[in-house]
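Asks: Just passing along the structure, written as C-alpha cells.
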Amino acid sequence: MTVEVRVSSVPALAVAKARRLLRHPLVLAGFALFVLASVVELRDYWGPRPAFSLLTNGMALWPGVPVFFAAELVASASRRAGGDELLGALPASRTQRTAASCLAALGPFLVACAVQMALCVGYAVQGVSLERFPTVFELALGPLCVLGAGLLGVASARWLPWAGASVLVMVALVFFNVVVNGNEATGGHLFGFYAELAVWGPWPYRAAMGFNPGHTGWHAVYLLALCLGAGALAMLRDSPRRRFWLGAGALTVIAVAVAGLGQLP
Amino acid sequence: MNTVVVTNVVKSYGRHRALDGLSFTAGPGVTGLLGPNGAGKTTLIRMLATVLAADSGTLRLLGRDPSAERLQIRRRLGYLPQEPGFHRAFTVFEFVDYVAILKEIVDRRARHDEVRRVIAEVGLAEVSGKRIRALSGGMRRRVGIAQALLGEPELVLLDEPTAGLDPEQRLRFRELISRIGENRTVVLSTHQTEDVAALCGRVVVFDGGRCMFEGTPEELRRVAEGQVWLSAERSGVLSWRTGEGLFRNIGQAPDAARLAEPTIEDGYLLLLGDAAVGVRS
Ligand SMILES: Nc1ncnc2c1ncn2[C@@H]1O[C@H](COP(=O)(O)OP(=O)(O)O)[C@@H](O)[C@H]1O
Ligand SMILES: [Mg+2]
C-alpha cells in the first residue's frame with residue numbers, strides 16, 4: 001500500500017475564493033469609486049480635511065460596503081445554488097470552506113493596502129495639502145475596514161442563511177456607527193468603524209479645525225480585534241472545535257474592550 | 001470483492017420509514033437500484049455518499065465503516081445527487097475546477113489537467129468555457145457526471161442520472177455510464193426498466209424501503225416467466241392493450257391465452273404488484 005501524502009485544500013480554495021471575490025462586480029465597482037474619488041482629490045479639489053479623511057477611512061464606505069455584500073454572496077453561493085448536497089460529500093469539509101472564505105477576505109485587504117500606498121505616493125507627488133500626514137496606524141484604518149467587511153460578510157452568510165439578511169446586517173452596522181459616532185462636525189469618539197479623525201468644522205471644510213483627540217493607534221487595534229472577532233464568529237458556526245473558537249471569540253471581545261477604552265482621549 | 005455492503009439498514013423520517021431493513025451488496029460494474037418514486041432510492045444513495053447516517057444496521061463502503069472513516073471513503077467517491085445545484089454563473093471549467101479543489105487536488109497544473117480530462121470524457125470539451133446557466137438540461141447532467149469522475153473514484157454514485165433526458169441523450173448517457181462502469185463500481189438509481197436492461201450487470205429492486213429482488217437483469221426478466229399472457233380479453237391485476245390489439249396480462253392465465261416471452265419490465269411489475277399501478281397497501 002502506498003502512503004498517501006495529503007495536503008489541505010484550504011490554501012488552494014482560499015486563492016480560488018479570493019479571485020472570485022476580487023472579480024465580483026460589487027468589489028470592482030467599490031474600488032473603482034474609491035480610485036475615482038482619489039483621482040479627484042489628487043487635484044486638491046475638496047481641501048485638506050476631506051483629503052485626510054479619504055486617505056484614512058474613506059475605504060470604510062467603498063469598497064468596504066460592497067466588499068461586505070460580495071463576501072456574503074461568494075460565501076453563500078453554493079447554498080443559494082442548492083449545491084450543498086453535492087459539496088457535502090466531498091473530502092473538504094464545510095469548516096474548511098468557511099476557513100477558506102475567511103482567508104479570501106485577505107484578497108481585498110491586500111488590494112486595499114496597495115491602493116492606499118499608491119494614494120500616499122500620489123498625495124506626496126501632487127503635494128495635496130494636508131494639515132499633517134497620517135500615521136501608519138491611520139493609513140491602516142481603511143484596509144482594516146475592508147478586511148472586517150469581508151470577514152463579517154462570511155459570518156453573515158454562515159449565521160443568517162436567508163435572502164436579504166445581509167441588508168439588515170448592513171443597516172444595523174450603519175445605525176451602530178451613527179449612534180456611537182456622535183457629532184462628526186465637532187469630533188466624536190472613535191467607536192465607529194467609519195470614524196472621523198479630523199474635525200471637519202463648517203462647510204466648505206476649507207479651514208483646518210484640528211483633530212479628534214482620541215488615540216488613532218488604539219483605534220487601529222480596535223478595528224483589527226473586530227476583524228478577528230468576525231472571523232472567529234464565522235468559524236464558530238460549523239467547526240467541530242466549538243470550544244476553541246468560542247475561546248478565540250472571547251479573546252477578541254476582550255481585545256475590543258481594551259482597545260476601545262485605549263482609544264479614548 | 002464487494003465495494004458496497006448494506007446490511008439491515010433502517011432510516012426513518014419522523015414516523016415514516018424510508019428504509020425498512022434493507023440489505024444488498026454491489027461490486028465492480030454497474031448496479032441499478034430500481035424502484036418507484038418514494039421507494040427510498042435517494043435516501044439509500046445519500047447514505048452511500050456518506051451525507052446521511054442510518055438509524056440502525058451497518059454499511060461498509062470500500063471496505064470501511066462510514067461512521068468512523070468518512071473522510072477516507074469520500075476521497076475515493078464520486079457522487080451525483082438527484083438535484084445537483086450548480087453555481088449557474090460559473091463556467092463548466094470553473095465549476096469542475098472548484099469541485100476538484102474540494103476533492104483535494106491542490107496542485108494547480110495537475111488539477112487543470114484532470115478537469116480537462118473529465119470534461120472531455122463526458123463530451124463537453126467544446127463548451128467548457130460556457131456558463132452553466134447557458135447549458136441544456138442534458139449538458140448540465142453531464143457536468144454533474146464529470147465532477148463525479150474527478151480523481152478516478154472507485155465508487156461512483158449516480159442518483160437518477162437519466163431522468164428527464166430525451167431518447168437521444170439517454171442513449172449517449174448509457175454509453176457514457178457503461179464506459180465508466182468498466183473498471184469501477186457504479187451504483188445508479190432509476191425508475192426506468194430500460195436503463196436497467198441496457199446498462200446494469202446487477203439490479204436491486206426495492207419498494208417501501210425493502211429489497212424485493214437482487215440479481216441480474218436476466219433473472220429479473222425470468223421472474224415473470226410463465227406469467228405473461230396475450231389474450232383477447234383483459235384479466236389479472238395488470239393488463240393493457242398492445243399495439244396488435246391483444247391484451248398483455250401479467251399474473252394468472254386468462255381463458256384462451258397464449259404464453260408470451262417476458263421482459264424485464266414484466267418482472268419488475270410483477271414484483272411490485274399493486275404498487276406498480278399506484279395502489280398502496
Ligand atoms: N428529508 C425528508 N423528510 C421527510 N421525508 C422524506 C425526506 N426525504 C425522503 N422522504 C420520504 O422518504 C421516502 C423515500 O424517499 P426517497 O429516498 O427520496 O425515494 P426515491 O428517491 O426512491 O423517490 C419518501 O416517502 C419520501 O417522502
Ligand atoms: Mg429519488
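The values are calculated or read from the model by the stated rules, or taken from the named source; none is laboratory data. Everything numeric in this text was worked out from a predicted model, so none of it was measured. Because the Cβ atoms are built from the backbone with ideal geometry, glycine has one as well, and the counts that use them run over all protein chains shown. These accessible areas exclude ligands, DNA and RNA; they are computed on the full protein's heavy atoms, side chains included. Shrake-Rupley method; radii C 1.70, N 1.55, O 1.52, S 1.80 Å.
Asks: Give me a count of the residues in segment B:17-47 that are within 14 Å of ligand 1 (Cβ to nearest atom) and more than 13 Å from B:Val203 (Cα to Cα).
Replies: Count: 16.
Asks: Hey, among the residues in segment B:187-212 that are in a strand (DSSP E or B) and more than 14 Å from ligand 2 (Cβ to nearest atom), which one's farthest from B:Asp20 (Cα to Cα)?
Replies: Looking only at segment B:187-212, we keep the residues that are in a strand (DSSP E or B), and these are B:187-190, B:202-207, B:210-212.
With more than 14 Å from ligand 2 (Cβ to nearest atom) added as a condition, the list becomes B:202-205, B:210-212.
Working: B:Arg202: 21, B:Val203: 19, B:Val204: 15, B:Val205: 14, B:Arg210: 6, B:Cys211: 9, B:Met212: 12 Å.
For segment B:187-212, the residue satisfying everything is B:Arg202.
Asks: Here's something else I'd like to know. For segment A:205-253, enumerate the residues that are in contact with a Phe, Trp or Tyr (Cβ under 6 Å, 6 or more places away or on another chain), of a type in the set (Gly, Ala, Ser), in contact (Cβ under 8 Å) with a residue 24 or more places away in the chain and within 24 Å of A:Ala104 (Cβ to Cβ).
Replies: A:Ala220, A:Ser239
Asks: For segment A:71-84, check the following and say yes or no: at least one residue is within 13 Å of chain B (Cβ to nearest Cβ), among the acidic types (Asp, Glu) and over 23 Å from A:Arg242 (Cβ atoms). I'd like the intermediate steps shown before the answer.
Replies: Narrowing segment A:71-84 to residues within 13 Å of chain B (Cβ to nearest Cβ): A:73-84.
Subsequent filtering for residues that are among the acidic types (Asp, Glu) retains A:84.
This time we only want the ones that are over 23 Å from A:Arg242 (Cβ atoms), so: none.
No.
Asks: Now for a separate question. Answer with yes or no whether B:Gly14 is within 15 Å of ligand 2 (Cβ to nearest atom) and of a type in the set (Gly, Ala, Ser). Write out each step before concluding.
Replies: Working: within 15 Å of ligand 2 (Cβ to nearest atom): no; of a type in the set (Gly, Ala, Ser): yes.
Judged against the criteria, B:Gly14 is not a match.
Asks: Here is a further query. Do any residues in segment B:32-48 that are more than 15 Å from B:Gly21 (Cα to Cα) and within 14 Å of chain A (Cβ to nearest Cβ) have Cβ atoms under 7 Å from those of residues that are near ligand 2 (Cβ under 8 Å from one of its atoms) and outside any strand (DSSP E or B), where the two are at least six apart or on different chains, and which pairs are they?
Replies: Listed by first residue and then by second, the contacts come to B:Thr42/B:Gln82.
Asks: Now for a different question. For the structure I just gave you, tell me whether B:Gly144 is within 16 Å of ligand 2 (Cβ to nearest atom), of a type outside the set (Lys, Arg), part of a helix (DSSP H, G or I) and under 22 Å from B:Val96 (Cα atoms). Show your work before the answer.
Replies: Values: within 16 Å of ligand 2 (Cβ to nearest atom): yes; of a type outside the set (Lys, Arg): yes; part of a helix (DSSP H, G or I): yes; under 22 Å from B:Val96 (Cα atoms): yes.
Judged against the criteria, B:Gly144 is a match.
Asks: Find the residue count for segment B:51-86, including only residues that are more than 16 Å from ligand 2 (Cβ to nearest atom), in contact with a helix residue (DSSP H, G or I) (Cβ under 7 Å, 6 or more places away or on another chain) and open to solvent by less than 10 Å² (accessible area, probe 1.4 Å).
Replies: So the count comes out to 2.
Asks: Okay, next question. Determine, yes or no, whether B:Val30 is more than 16 Å from ligand 2 (Cβ to nearest atom), assigned to a strand (DSSP E or B) and over 21 Å from B:Arg210 (Cβ atoms).
Replies: Values: more than 16 Å from ligand 2 (Cβ to nearest atom): yes; assigned to a strand (DSSP E or B): yes; over 21 Å from B:Arg210 (Cβ atoms): yes.
So B:Val30 passes the test.
Asks: If I filter segment A:5-21 down to residues being out of contact with any helix residue (DSSP H, G or I) (no Cβ under 9 Å at 6 or more places or on another chain) and at the interface with chain B (Cβ under 9 Å from one of its Cβ atoms), which single residue comes out as modelled with the highest pLDDT? Give the steps one after another, and end with the answer.
Replies: Initial filter on segment A:5-21 (out of contact with any helix residue (DSSP H, G or I) (no Cβ under 9 Å at 6 or more places or on another chain)): A:5-7.
When the remaining residues are screened for being at the interface with chain B (Cβ under 9 Å from one of its Cβ atoms), the result is A:6-7.
Values: A:Arg6: 60, A:Val7: 66.
The extreme case among them is A:Val7.
Asks: Let me ask something else about it. Condition first: acidic (Asp, Glu) and part of a loop (DSSP other than H, G, I, E, B). Now tell me which residues in segment A:4-58 satisfy that. Talk me through it step by step, then tell me what you get.
Replies: Let us first name the residues in segment A:4-58 that are acidic (Asp, Glu), namely A:4, A:41, A:44.
Result: A:Glu4, A:Asp44.
Asks: If a residue must be facing chain A (nearest Cβ under 8 Å), touching a residue at least 24 places away in the same chain (Cβ under 8 Å) and more than 16 Å from ligand 1 (Cβ to nearest atom), how many such residues does segment B:54-88 contain? Show your work before the answer.
Replies: If we filter segment B:54-88 for residues that are facing chain A (nearest Cβ under 8 Å), which is where we start, we get B:71, B:74-75, B:77, B:79-81, B:83-88.
Of the ones still in play, those that are also touching a residue at least 24 places away in the same chain (Cβ under 8 Å) are B:74-75, B:77, B:79-81, B:84, B:86-88.
Cutting the leftovers down to more than 16 Å from ligand 1 (Cβ to nearest atom) gives us B:74-75, B:77, B:86-88.
Of the residues in segment B:54-88, 6 are facing chain A (nearest Cβ under 8 Å), touching a residue at least 24 places away in the same chain (Cβ under 8 Å) and more than 16 Å from ligand 1 (Cβ to nearest atom).
Asks: Quick one: how many residues across segment A:88-113 are buried (at least 22 other Cβ atoms within 10 Å of the Cβ) and within 7 Å of chain B (Cβ to nearest Cβ)?
Replies: Total satisfying the criteria: 3.
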